[in-house]
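Here's the structure we're looking at; comments come further down.
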Amino acid sequence: ARITLRQLLDHAAENSYGVPAFNINNMEQGLAIMEAAAACDAPVILQASRGARSYAGDIMLSKMMDALAEMYPQIPLCVHQDHGNDEATCLSAIRHGFTSVMMDGSLEADAKTPADYDYNVAITARVAKMAHAVGASVEGELGVLGSLETGQGEAEDGHGAEGTLSHDQLLTDPDQAVDFVAATQVDALAIACGTSHGAYKFTRKPDGDILAMHVIEAIHAKLPGTHLVMHGSSSVPQELQDVINKYGGQMPQTYGVPVEEIERGIRHGVRKVNIDTDCRMAITGQFRKIAAENPTEFDPRKFLKPSMDAMRVLCRDRFERFGTAGNA
Ligand code: G3H
Ligand code: 13P
Ligand code: NA
Ligand code: ZN
């Protein structure tokens, strides 16, 4: 059954677990996630970016969400807009059946310029008021994702923002977070703690200097009742890098967010954990493997079935490790 982000994360907080929010663009990703969830009785957040909506089309995407909900009636399902950048994006998502939206006002509507605080508060509060009026939930974001190693801030399209940002901009300020939540009435708050989108997050296994989990603990101490969201939470597993590179890929060595760090976050108020890159890599690894080992193959299903299987294994692991399993 369809539920809101607020309903799901309230349950997660009461029962001390986190929920992975997987990005989807197509049927195969949707099936992989739902199969994994059904196998371990986990509630699900399916999220679609603006890019996903233009890739699949709003009608295809929303009917696909309907189909997945109908196939798995026992699984609580939240359908969420990832990184909405303005009122139109958020409201049109709700109109297409999404039960939750992210109004990411941490960047200006061009999604490249770090926004000032007053802009972020004003647009997020406006979206929250409208979404709440029709029973949908809202996630806001305070702080700009980016690398503490390089000081490079990140535009939410995954491409580098202009210039170099200070740690003040790259790490969410706990006192400002208190003010932001009160002023906007968001149901969940995305914070910046040194993670970034995509595969290239860290040049080494992260320690506290470059992955600031202590910032999450400080925010949670001041906002114990607020559901926190971690973006850029792919772990970029070595074995997925290895499969891709074994079969013709050329991904430079990189490091993601260790799952044990996410587990630490979940002990300190993190309830929604955004994962896209790991799923993409699971799919691409199998795609490359089949292509390399079976050069005469041309049936897409022969590529996509093993890809789905690999993504399902990845999703199941996250449901288990975040404590989501058993809570459907
Ligand atoms: O926010 C980033 C997510 O990974 C979605 O990526 O905009 O390429 O669909 P996308
Ligand atoms: P990853 O690129 O680490 O998977 O992050 C996804 C995300 O934050 C989507 O909003
Ligand atoms: Na941001
Ligand atoms: Zn994100």
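Since every read-out is calculated from the coordinates, none of them should be taken as a lab result. Predicted, not measured: the structure shown is a model, and the values here were computed from it. Reconstructed Cβ throughout: ideal geometry from the backbone, glycine too, with neighbour counts over all protein chains shown.
Numerical summary
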quantity: Separation between Cα centres of the stretch 175-209 and the stretch 8-68, rounded to whole Å; calculated: 21
quantity: Distance in nm between pseudo-label sites at R301 and A39 (7 Å out along the Cβ direction from Cα); calculated: 2.0
quantity: Net length gained if the chain between A1 and N294 were fully extended (0.36 nm per residue, minus Cα distance); calculated: 101.4 nm
quantity: Modelled FRET efficiency - R0 30 Å, D110 with Q250, Cβ distances, 0.05 increments; calculated: 0.45
quantity: Contact order relative to length of the chain, as percent, for alpha carbon pairs under 8 angstrom and 6 or more apart; calculated: 21
quantity: Rounded to the nearest 20 debye, dipole of the stretch 1-97 from Cβ charges on Lys, Arg, Asp, Glu; calculated: 180
quantity: 3J(HN,Hα) from dihedral phi, the stretch 262-278, Karplus parametrisation 6.51/-1.76/1.60, rounded to Hz, x for glycine, proline; calculated: 5, 4, 4, x, 5, 6, 10, x, 6, 10, 10, 10, 7, 9, 10, 3, 4
quantity: Calculated [θ] (222 nm, deg cm²/dmol) that DSSP helices of n ≥ 4 give over the chain, each run adding -39,500 (n - 2.57); calculated: -14500 deg cm²/dmol
quantity: Computed label-point distance, nm, for sites S92 and T150 using a 7 Å Cα→Cβ extension; calculated: 3.1
quantity: Net charge dipole size for the stretch 5-321 [Lys, Arg +1 and Asp, Glu -1 on Cβ; Debye, nearest 20]; calculated: 840
quantity: 21 Å Cα-Cα reach of K201 towards lysines, excluding residues that sit fewer than 8 places from it in its own chain; calculated: K112, K272
quantity: Antiparallel bridges, percent of DSSP beta bridges restricted to the chain (to nearest 5); calculated: 15
quantity: Dipole axis of the stretch 5-321 (+1 Lys, Arg; -1 Asp, Glu on Cβ), positive-most option in M251, H231, A192; calculated: M251
quantity: Sites Y55 and E320 - FRET efficiency at Förster radius 41 Å, r taken between beta-carbons, to 0.05; calculated: 0.90
quantity: Under 18 Å from the Cα of K246 - lysines, other chains or at least 8 residues apart; calculated: K289
quantity: Distance (nanometres) between label positions extended 7 Å along Cα→Cβ at V134 and D209; calculated: 4.9
quantity: Amide H partners (placed H, <5 Å) of A115, local residues excluded; calculated: L107, E108
quantity: Electrostatic dipole magnitude of the stretch 160-278 [Cβ: Lys, Arg +1; Asp, Glu -1; Cα centre; debye, to 20]; calculated: 240
